[in-house]
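Q: The following block contains the structure, expressed as C-alpha cells.
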Ligand code: CP
C-alpha cells in the first residue's frame, strides 16, 4: 500500500531512477588498453579445456590477451550476445557469494549461454553423503563448464578428479580466488594503461599498500601471485598485516620471483600519503570459517590524507574497514573493480569453451 507521502513523491516524479549519478567512479573506458595491447589470439589457445585453479597458471601474454578481450567486451557489450549460444554452465556455490556468482552468471548470460545454478548444497546429493567426485562425474553429462566455490580448499581437487569439462576456482576456502585477482589487475591496468608496456617508466611504477594477511586471505594470496607475473609494475608493495608471521613463506616466495614486496615497518597512517594504490580486505579465514581482520588499526574514510589520484581497491563485501563516504570520491575504484570482473570472466569463459573464434579478429 502506497501512503500519502509516497504518492506525493510519485506524482512529483521523485522516485524516478537517477541516471545522472555515475554508475561507478573511476570507470575509465578501456579504449587505451585496446590501443596498447595488440590482439593476438594465439596466446589464448592454451586456455581451451583448461581448469582454472590458481593465479600461478598464467603468463604475461595470456593475461594481456584476456584483458584485451575483456576490454573489447566492456567497450561494446551489445556486439557480442551469442558466442556461448548452445553452451551450458553449472554454477555451484557451496559458500555465500554476491559478486562472484552473479558476475559469472551475468557473463555467461551476456554471451548467450544457459545456466544451472546451485546455491545450497543441501539441495543436492551432497546432503545425503554423495562425494564431490561423484557430483563432478554427473556434471560431465550436464554442462560444458563448472564454476565452483566452496569453504574448503580440498573441494576443488576432489571435484576436478572426475571432471572432463573445465572447472574454475571461484574461491576455495583460504587457498585461492584467481579470477578475482584477474579482475583486480585488469582494474589497475585500466587506471594506468602505461603499466602494460614492456618497459615501465619509473614515474609510472606504483607504490602499493596492501592491507591483509596473505596466508589467511585467498584474494590477497592470488593477488600477489598475479602481481609476481608483472613485477616491473611496482616500485614497492607494502604489506600491512600486523606482523602476522604465518605469511613469511609466501612473502619470501614472491620476493624470489622478483616482486618488491615487504612488510611495512612504518605505520599505515605514516605511509598513506605516498601510496598510489591501496588494496584492503578484512575477511580472514580460520579453518572453514572466517573472522574480520584489522579492527581499528586499518580503517579507511574520506577524511584521510590520500595521495592525489590514489585509488582504493577492495574485493568486497565490505565491513567497517571501508567507510561509505569514500564511495563518492575519485579514490573509489572498488565499484569499477567489481563491474570489470564481469568482462574479465566473459573473456575467460569464451576461451575455455572454444568460442574465441567468434569474437577475435586475429587468431
Ligand atoms: N569478491 C568476492 O569474492 O565477493 P563475493 O564473496 O560476493 O563473491
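Q: Considering only DSSP beta bridges where both residues belong to region 178-339, give the percentage that are antiparallel (nearest 5).
A: Of the beta bridges lying entirely in region 178-339, close to 20 percent run antiparallel.
Q: Taking only the alpha-carbon atoms of the chain, what semi-axes of the equivalent ellipsoid follow from 5 times the gyration tensor eigenvalues under a square root, in whole Å, largest first? Could the numbers behind the result be given before it?
A: Numbers: eigenvalues 182, 142, 116 Å².
Ellipsoid semi-axes (Å, largest first): 30, 27, 24.
Q: Under 20 Å from a point 7 Å along the Cα-to-Cβ line of residue 130: which residues of region 91-106 have their amide N that close?
A: Inside the label zone: 91-96.
Q: Round to the nearest 0.05 the FRET efficiency obtained for residue 308 and residue 358 when R0 = 56 Å and r is the Cβ-Cβ distance.
A: Working: r = 43 Å, r/R0 = 0.77.
Using R0 = 56 Å, I get an efficiency of 0.85.
Q: Out of all Cα-Cα pairs in region 149-194, roughly what percent, to the nearest whole number, are more than 16 Å apart?
A: 49 percent
Q: Also, quick follow-up: If you stretched the chain out fully between residue 60 and residue 116, how much longer would it get, using 0.36 nm times the residue separation minus the C-alpha to C-alpha distance?
A: Here the answer is 16.9 nm.
Q: So what's Rg/Rh here for region 3-103, counting alpha carbon atoms and using the Kirkwood radius for Rh?
A: Reported Rg/Rh, Kirkwood definition of Rh: 1.13.
Q: Now for a separate question. For a footprinting-style exposure proxy, rank 159, 138 by other Cβ within 10 Å, fewest first.
A: The most exposed by this proxy come first: 138, 159.
Q: Taking neighbour Cβ counts within 10 Å as the exposure measure, how do 182, 346 sort from fewest upward?
A: Listed from fewest to most nearby Cβ atoms, that is 182, 346.
Q: When a footprinting reagent is the concern and you count Cβ atoms within 10 Å, what order do 362, 146 take, fewest first?
A: 362, 146
Q: Can you work out the FRET efficiency for the pair residue 252 and residue 291, with r the C-beta to C-beta distance and R0 = 25 Å, to the nearest 0.05?
A: 0.50
Q: For the pair residue 271/residue 142, report the inter-label distance in nm, with labels modelled 7 Å from Cα in the Cβ direction.
A: 4.5 nm
Q: Quick one: if you stick a label point 7 Å off each Cα along the C-beta vector at residue 320 and residue 197, how many nm between them?
A: The two pseudo-label positions are separated by 4.5 nm.
Q: Among DSSP beta bridges lying fully in the chain, give the percent that are antiparallel, nearest 5. Before the final figure, lay out the partial values.
A: Details: 4 of 37 bridges.
Looking only at bridges with both residues in the chain, the antiparallel portion is about 10 percent.
Q: Shifting gears a bit: Normalized C-alpha radius of gyration of region 34-155, against 2.2 N^0.38 Å?
A: 1.19
Q: Arrange the peptides 326-334, 117-125, 353-361 so that the one whose residues have, on average, the most other Cβ atoms within 10 Å appears first.
A: Working: 326-334: 19.0, 117-125: 13.0, 353-361: 16.9.
The peptides rank, most packed first, as 326-334, 353-361, 117-125.
Q: Here is a further query. Show that you can apply the helix-only estimate: for the chain, add -39,500 (n - 2.57) for every DSSP H stretch of four or more residues, divide by all residues, and state [θ] at 222 nm to the nearest 500.
A: -9500 deg cm²/dmol
Q: Along each of the three principal axes of the Cα atoms of region 178-339, give the extent in whole Å, ordering the values from largest to smallest.
A: Computed over region 178-339, the largest-to-smallest principal extents equal 41, 37, 32 Å.
Q: Then there's this: Can you tell me which of 301-310, 162-171 comes out highest on packing, and rank the rest after it, using the mean Cβ neighbours within 10 Å?
A: 162-171, 301-310
No value in this document is a laboratory result; all are computed from the given coordinates. Small disclaimer: the values here were computed from a predicted structure and weren't measured. Neighbour counts run over all protein chains shown; Cβ positions are idealised from the backbone, glycine included.
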